[in-house]
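Take this structure first; my questions come after.
The values are calculated or read from the model by the stated rules, or taken from the named source; none is laboratory data. Here the structure is a predicted model, which means the values were calculated and not measured. No Cβ is skipped: glycine too gets one built from the backbone with ideal geometry, and neighbour counts run over all protein chains shown. To get the accessible areas, we keep the full protein, side chains included, count just its heavy atoms, and leave off ligands, DNA and RNA. Shrake-Rupley method; radii C 1.70, N 1.55, O 1.52, S 1.80 Å.
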Amino acid sequence: QVQLVESGGGLVQAGGSLRLSCAASGLTFSSYTMGWFRQAPGKEREFVTAISRSGGTTYSADSVKGRFTISRVNAKNTVYLQMNSLKPEDTAVYHCAAGQAGLVGRTVAGSYESYDYWGQGTQVTVSS
């Protein structure tokens, strides 16, 4: 059974940094595109960033470019989200997701319908 477990969320002040982790099990991790999405109360689920199976290609939402970095270590079955220069508007539940097929292009990689498995989410709260 596939399981994705996020960790690293918490409360941080504006301008601070936080690193999220997503540990995967029950799948061949290196065969999956991995993505991060976030959802704030009363708002639509929003694409944050994604990384290709080998780690050679990334896609990011304009709102986080230059601040957030996605990476993966396939030997550890783990994908990371390094978040710097955090803003109050980054406050949300952050979910990692796995796409069974290689997801090519910003439109495909950025669509939640492209992903097959989802983690339970971790809360990130940024105070002003």
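Can you pull out the residues in the range 53-79 that are assigned to a strand (DSSP E or B), closer than 19 Å to S21 by Cβ and of a type outside the set (G, A, S)?
Filtering the range 53-79 for residues assigned to a strand (DSSP E or B) gives 58-60, 68-73, 78-79.
Applying the additional criterion that residues be closer than 19 Å to S21 by Cβ yields 58, 60, 68-73, 78-79.
Selection gives T58, F68, T69, I70, R72, V73, T78, V79.
If you don't mind, another one. Looking at the range 80-128 only, could you name the residues that are part of a helix (DSSP H, G or I), open to solvent by less than 20 Å² (accessible area, probe 1.4 Å) and among the hydrophobic types (A, V, I, L, M, F, W, C)? Reasoning before the result, please.
Here is the first cut: in the range 80-128, the ones part of a helix (DSSP H, G or I) are 88-90, 106-109, 112-114.
Adding the requirement that they be open to solvent by less than 20 Å² (accessible area, probe 1.4 Å) leaves 90, 109.
Of everything in the range 80-128, just one residue is part of a helix (DSSP H, G or I), open to solvent by less than 20 Å² (accessible area, probe 1.4 Å) and among the hydrophobic types (A, V, I, L, M, F, W, C), namely A109.
Would you mind stating whether T57 is more than 21 Å from V12 (Cα to Cα), free of Cβ contacts under 8 Å to residues at least 12 places away in the same chain and polar (S, T, N, Q)?
Numbers: more than 21 Å from V12 (Cα to Cα): yes; free of Cβ contacts under 8 Å to residues at least 12 places away in the same chain: yes; polar (S, T, N, Q): yes.
In short, yes.
A quick yes/no check of all residues on (1) of a type outside the set (G, A, S); (2) touching a residue at least 24 places away in the same chain (Cβ under 8 Å); (3) in contact with a Leu (Cβ under 8 Å, 6 or more places away or on another chain):
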residue: F29; (1), (2), (3): yes, yes, no
residue: G102; (1), (2), (3): no, yes, no
residue: V108; (1), (2), (3): yes, no, no
residue: S111; (1), (2), (3): no, yes, no
